[in-house]
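The values are calculated or read from the model by the stated rules, or taken from the named source; none is laboratory data. Small disclaimer: the values here were computed from a predicted structure and weren't measured. Because the Cβ atoms are built from the backbone with ideal geometry, glycine has one as well, and the counts that use them run over all protein chains shown. Note: areas computed on protein heavy atoms with side chains; ligands, DNA, RNA excluded. Shrake-Rupley method; radii C 1.70, N 1.55, O 1.52, S 1.80 Å.
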Amino acid sequence: MWRRLCSALRSLRGSPAAPQHDGGGRPPAAMERAVVRCVPSEPKLSLRFVLPDGSARYMQRDQAEPLGRALARIATNAAKGHGKAGKKSKKARAEGGAEGEAAVPAVRLFSRDGAAVAEEVPNAAAWQDGTVLHIGDARYRVERNPPALTELRLPRSLLAGFPVCPKVSAEFAAPQHCLFRWFREQRPAGGGDAAGEVWVETATAERVFTPSNALVGLRLKLRCTPGDGERRYGPAREVESSGPVEAGPGACTFDARHLYTKKVCGHGSVRAVSYNILADTYAQTEFSRTVLYPYCAPYALEIDYRQNLLKKELAGYSADLICLQEVDKSVFVDSLAPALDAFGLEGLFRIKEKQHEGLATFYRRDKFSLLSQHDITFSEALLSEPLHKELCEQLAKYPLVQEKVLQRSSVLQVSVLQSTTDPFRKLCVANTHLYWHPKGGNIRLIQIAVAMSHIKHVACDLYPSIPVIFCGDFNSTPSSGTYSFISSGGIAEDHEDWVSDGEEERCSMSLSHPFKLLSACGEPAYTNYVGGFHGCLDYIFIDRNALEVEQVIPLPSHEEITTHQALPSVSHPSDHIALICDLKWK
């Protein structure tokens, strides 16, 4: 690690790492950096360098422009930095007098082997990594597309015992190749005010840092050096936490579950998680605070607090597949995706139309690769896709129900994954969150009918005979028509759920699907536990012909769930409970 870090620091100081010449046959002197950013999809490249007088220069040039024009422009720019010499009259320079010559330095670009780059070469081809730019007597080592951080951010809330996962965004770099150094604030001697900030480096040099109880009351600082995995490093950036580390909540409902999930499953198995994480857009309403969750401490409903618990909970499950519902877009982008990326999981997000929350599916990168995505909005698919034509025609006979179905923004996320070790092993992973209303059984039946038809199209037509894992919050108990339809393969037109909202909205039709699906975690007493309701609404359905259950991770005990009356609480971040199971191919 120290060898890599020293190499990074040398490159940042501008020492000549790659070229062993200065382009003019002389021994290499310490060179400054000339940073070139050249992306094929953009028409221009940019060039940054600092002149000997300390003035910074930034230029943009067409990629197709001949190098000679760019060098002439650099010469003009450099001349402006030479004080009075740069202010010589155009006439003096045009006449070629000695003073005019001095005002405009000679500017050349040399390749790695010391040969001058021809001036007719296009900029995109000329400015290569390791070439040397001469501006008068000054020498610049060209760094083309060096690793660079575009964003470095720490979470606003830090809890002792909970992982701190920074958001790291980079260009020409990857977080897994960056160097991380964590620092803690130094307590002032005698407890008084310190004369200035003092930071002490911790022993952690990893992307994720878990502060101990000894750091409660102290702020953290992270220094990150971007790297690209090819021994190239860019300039480091630092970020300090906005507040100090706070004490954690103590025992959480998921602590005992983590004892079963310390290690990632082997390549022949898949650990799947389904979890409605409670969207912040719903948790932060006055109705939620006073009616739905009046028993929950207000600070425990805050998204920053809940995110600490969620990230620790999800990371501790060592899952291969995680299907989440009620995921705020900002939570996915700024919190969950960066955090789970640090634990080896790639994330996909599908937002609900007209809303700020949606679905997220994560998969373990070293086990699976993404082949394709087939997400839909139920209402849009019902109207526009030919495979739902028959269902759409039947629904048109019931205009009141049809209107409600088409008003809903519920979505289905479908991802086809392929094993990284066995290309013949593929999975169709579906994730959904059905309509919530207690009297909406008929609406949910239509939604699940659309879902099963779409999954059939993917898993039978596009990828014949691949196994299905269908996760989600189905807002349906085991006695419901929706659960019966999924697990049995059909629903009769006289099922009571067709009149779930009264005779006026009766909607009777016979439905079927070809899959043999099993609830992998069975039928728990509840997966949702709030003050006014508890019941089983969440499931992981699996293709029983291709997959079997190795183990189901036990749910928290009733005592743990009700320690703070109901969910969410200071020790549990959602009003739902995660379902976790280990599966294997038959």
Search result, residues across the range 365-410 that are open to solvent by less than 40 Å² (accessible area, probe 1.4 Å) and among the small types (Gly, Ala, Ser)
372, 379, 381, 409, 410
Hey, could you check the range 205-248 for residues that are acidic (Asp, Glu) and open to solvent by 70 Å² or more (accessible area, probe 1.4 Å) and say which is farthest from residue 150 (Cα to Cα)?
246
Have a look at 465, 519 and point out the one that is among the polar types (S, T, N, Q), closer than 30 Å to residue 585 by Cβ and at pLDDT below 95.
465
Hey, can you tell me all the residues within the range 522-532 that are farther than 16 Å from residue 547 by Cβ and either modelled with pLDDT of 95 or more or among the acidic types (Asp, Glu) (or both)?
523, 524, 525, 526, 527, 528, 529, 530
Give me the strands (runs of 3 or more DSSP E) completely within the range 492-586, filtered to those with at least 1 residues that are under 17 Å from residue 472 (Cα atoms) and open to solvent by less than 40 Å² (accessible area, probe 1.4 Å), ordered by residue number.
517-519, 528-530, 533-535, 538-543, 579-585
So which of 488, 480, 569 ends up being of a type outside the set (A, V, I, L, M, F, W, C), modelled with pLDDT of 95 or more and within 30 Å of residue 268 (Cα to Cα)?
488
Residue list for the range 249-263, restricted to those being open to solvent by 30 Å² or more (accessible area, probe 1.4 Å) and in a loop (DSSP other than H, G, I, E, B):
249, 250, 251, 259, 260, 262, 263
Of (1) open to solvent by less than 10 Å² (accessible area, probe 1.4 Å); (2) out of contact with any Lys or Arg (no Cβ under 6 Å at 6 or more places or on another chain); (3) not hydrophobic (A, V, I, L, M, F, W, C), residue 413 satisfies all except one. Which?
(2)
For a quick check of your reading of the model, give me the residue pairs whose first member lies in the range 173-194 and is more than 28 Å from residue 234 (Cβ to Cβ), whose second is open to solvent by less than 80 Å² (accessible area, probe 1.4 Å) and modelled with pLDDT of 95 or more, with beta-carbon atoms closer than 6 Å and at least 6 apart or on different chains.
186/200
Filter result for residue 539 (within 29 Å of the chain's Cα centre (by Cα) and closer than 22 Å to residue 438 by Cα)
yes
Does residue 266 satisfy the criteria of being over 26 Å from residue 436 (Cα atoms) and either more than 18 Å from the chain's Cα centre (by Cα) or buried (at least 23 other Cβ atoms within 10 Å of the Cβ) (or both)?
yes
Out of everything in the range 159-178 that is in a loop (DSSP other than H, G, I, E, B) and under 23 Å from residue 45 (Cβ atoms), what residue ends up being most open to solvent (accessible area, probe 1.4 Å)?
172
Looking at the range 477-490, is at least one residue in contact with an Asp or Glu (Cβ under 8 Å, 6 or more places away or on another chain) and either at positive phi or outside any loop (DSSP other than H, G, I, E, B) (or both)?
yes
Test of understanding: among 184, 156, which residue is open to solvent by 30 Å² or more (accessible area, probe 1.4 Å) and not in a loop (DSSP other than H, G, I, E, B)?
184
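Every residue, every condition in (1) of a type outside the set (Ser, Thr, Tyr); (2) touching a Cys at 6+ places or on another chain (Cβ under 8 Å); (3) assigned by the TED database to the domain that holds residue 43, yes or no:
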position: 126; (1), (2), (3): yes, no, yes
position: 138; (1), (2), (3): yes, no, yes
position: 154; (1), (2), (3): yes, no, no
position: 160; (1), (2), (3): yes, no, no
position: 170; (1), (2), (3): yes, yes, no
position: 183; (1), (2), (3): yes, no, no
Do we have any residue at all in the range 50-68 that's part of a strand (DSSP E or B), at pLDDT 90 or above and open to solvent by less than 20 Å² (accessible area, probe 1.4 Å)?
yes
Any residue at all in the range 206-214 that's within 30 Å of residue 582 (Cβ to Cβ), in contact with a helix residue (DSSP H, G or I) (Cβ under 8 Å, 6 or more places away or on another chain) and of a type in the set (A, V, I, L, M)?
yes
What is the residue count in the range 236-266 for residues that are without any contact (Cβ under 8 Å) to a residue 40 or more places away in the chain and farther than 30 Å from residue 216 by Cα?
1
Take residue 34 and decide whether it is of a type in the set (A, V, I, L, M), out of contact with any helix residue (DSSP H, G or I) (no Cβ under 7 Å at 6 or more places or on another chain) and either assigned to a strand (DSSP E or B) or open to solvent by less than 30 Å² (accessible area, probe 1.4 Å) (or both).
yes
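Conditions tested, residue by residue: (1) touching a residue at least 40 places away in the same chain (Cβ under 8 Å); (2) outside the structural domain of residue 358 (by the TED database); (3) touching a Pro at 6+ places or on another chain (Cβ under 8 Å); (4) over 13 Å from residue 573 (Cα atoms).
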position: 213; (1), (2), (3), (4): yes, yes, no, yes
position: 228; (1), (2), (3), (4): yes, yes, yes, yes
position: 268; (1), (2), (3), (4): yes, no, no, yes
position: 293; (1), (2), (3), (4): yes, no, yes, no
position: 296; (1), (2), (3), (4): yes, no, yes, no
Within the range 307-325, track down each residue that is within 16 Å of the chain's Cα centre (by Cα), more than 13 Å from residue 164 (Cα to Cα) and not hydrophobic (A, V, I, L, M, F, W, C).
320, 325
Does the range 213-224 contain any residue that is modelled with pLDDT under 95 and part of a loop (DSSP other than H, G, I, E, B)?
no
